[in-house]
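The values are calculated or read from the model by the stated rules, or taken from the named source; none is laboratory data. Since this is a predicted model, take the numbers as computed values, not measurements. Positions of Cβ are backbone-derived with ideal geometry, glycine not excepted, and every protein chain shown enters the neighbour counts.
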Amino acid sequence: MGANQAGAPVGILAITESTSADGNATRLDTETGRFQVNADCSGGTLNLNSAGRPDQYDFYFANANEIYFVGTNNGDNVSGRAQRTVAAGCPANPLSALAGTWAFTVDGFRFVPVPFDFNLVAAAGHFAASIGTDRNGNPIGVLTITQSSSLNGSPTRQEGAPGRYQLNGDCSGGTLTFDTGSLPVQYDFFFGPTGELVVVGSNNGTILAGRAKQLF
């Protein structure tokens, strides 16, 4: 909480995010922003400067720890939800933070510069994250992926592929690399509060977003 020049309280946002806009990705961008809460506390307004692209959202509380939001400035059609979370910190081996099997779903667009077009994309499947070693014996994050996808109406069913993953320094999230032949893509992910990942495509040209939940 801050204050404006008149001394009135002002809500301050500290933002770390990865974005994909017009086929261009910006990874782990850090920004500041502002928020206001409506008089009846039913919701409020968020103002972000995402990768130098100002965005404003109206939000509404779904419960004490979750909000739904929609863009309210002209030009960007964006909606979503956010959940309150507390960083768990890093385990002794940071790669173990993701270890396990996850079900995921993503959708979005693949940007085609010539001719200028967007191909519809959707995918779902499982990935198993485990710790392997490189040629020098150092630990690396390994993915085993099974994915069904649709690229502009052309499906690929139950495709098996390898991949790899990395964790950010604070273990708040990391990077997934899917080496699928039909839809190779890189994602940035962030841990949610209930065993869930929020993912967004972080290589240029493919605009994808979705979620993953760990299987127990």
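For every residue, the table says whether it meets (1) touching a residue at least 40 places away in the same chain (Cβ under 8 Å); (2) of a type in the set (D, E, K, R); (3) closer than 25 Å to VAL106 by Cα.
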{"site": "ILE12", "(1), (2), (3)": "no, no, no"}
{"site": "SER20", "(1), (2), (3)": "yes, no, yes"}
{"site": "GLU31", "(1), (2), (3)": "no, yes, no"}
{"site": "ASN38", "(1), (2), (3)": "no, no, no"}
{"site": "CYS41", "(1), (2), (3)": "no, no, no"}
{"site": "GLY44", "(1), (2), (3)": "no, no, no"}
{"site": "ASN47", "(1), (2), (3)": "no, no, no"}
{"site": "ASP55", "(1), (2), (3)": "no, yes, yes"}
{"site": "ALA62", "(1), (2), (3)": "no, no, yes"}
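Considering region 1-54, and only residues there that are out of contact with any strand residue (DSSP E or B) (no Cβ under 9 Å at 6 or more places or on another chain) and of a type in the set (Gly, Ala, Ser), the residue that is modelled with the highest pLDDT turns out to be ALA39. From the list GLY210, GLY181, GLY163, the lone residue that is among the small types (Gly, Ala, Ser) and assigned to a loop (DSSP other than H, G, I, E, B) is GLY181. Against the numbered list (1) more than 18 Å from VAL198 (Cβ to Cβ); (2) surrounded by 13 or more Cβ atoms within 10 Å (Cβ to Cβ); (3) touching a Phe, Trp or Tyr at 6+ places or on another chain (Cβ under 8 Å), SER42 comes up short only at (2). Exactly one residue out of ILE145, ILE131 is in a strand (DSSP E or B), outside the structural domain of SER18 (by TED's automatic domain parsing), modelled with pLDDT of 95 or more and surrounded by fewer than 16 Cβ atoms within 10 Å (Cβ to Cβ): that is ILE131. Selection of region 167-216 for residues being touching a residue at least 40 places away in the same chain (Cβ under 8 Å) and of a type in the set (S, T, N, Q) yields ASN168, SER172, THR194, SER202, ASN203, ASN204, THR206, GLN214.
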